[in-house]
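Step one of this worksheet: look at the structure below.
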Amino acid sequence: MRLTLTVSTTDRRTYDVHTSLAVIVDWERKYQRRAGDLAAGFHIEDLAYLAYASEKRAGDTTVDFDTWLTYVETIEVKDTQESHPTVAAPTDGN
């Protein structure tokens with residue numbers, strides 16, 4: 001599972017962060033939930049922690065989670081799935 005999250009900060013910066021397997025496992029351990037639980041619904045703190053942990057693992061932040069949150073205005077899940085439209089199959093009449 002890999003998510004791309006768009007983070008907007010209080011100083012008007014916007015950037016994307018990408019989760020990794022290590023980040024998802026970190027989230028599972030911290031919140032005692034399974035990654036599959038995210039499909040059924042999530043809290044905004046889940047997204048915030050995933051974005052924070054991604055930045056921390058990448059070396060882009062050194063502050064603790066709560067301090068990091070004070071600089072974040074919004075977090076959104078970016079739709080990164082490619083569109084694969086299907087072509088209608090021919091029928092006997094076509």
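Readers should treat all values here as calculations from the given coordinates under stated rules, not as data from a laboratory. Only a predicted model underlies this, so the values are computations on that prediction, with no experimental measurement involved. Neighbour counts are summed over all protein chains in view; Cβ atoms, including those assigned to glycine, are modelled from backbone coordinates with ideal geometry.
Here is how the numbers come out for the structure above:
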{"item": "Ascending count of other beta-carbon atoms within 10 Å, so fewest first, for 14, 6, 19, 61", "result": "14, 6, 61, 19"}
{"item": "Contour minus Cα-Cα distance for residue 25 and residue 11 (0.36 nm per residue)", "result": "2.0 nm"}
{"item": "Added length on full extension, which subtracts the Cα-Cα distance from 0.36 nm per residue, residue 64 to residue 42", "result": "5.8 nm"}
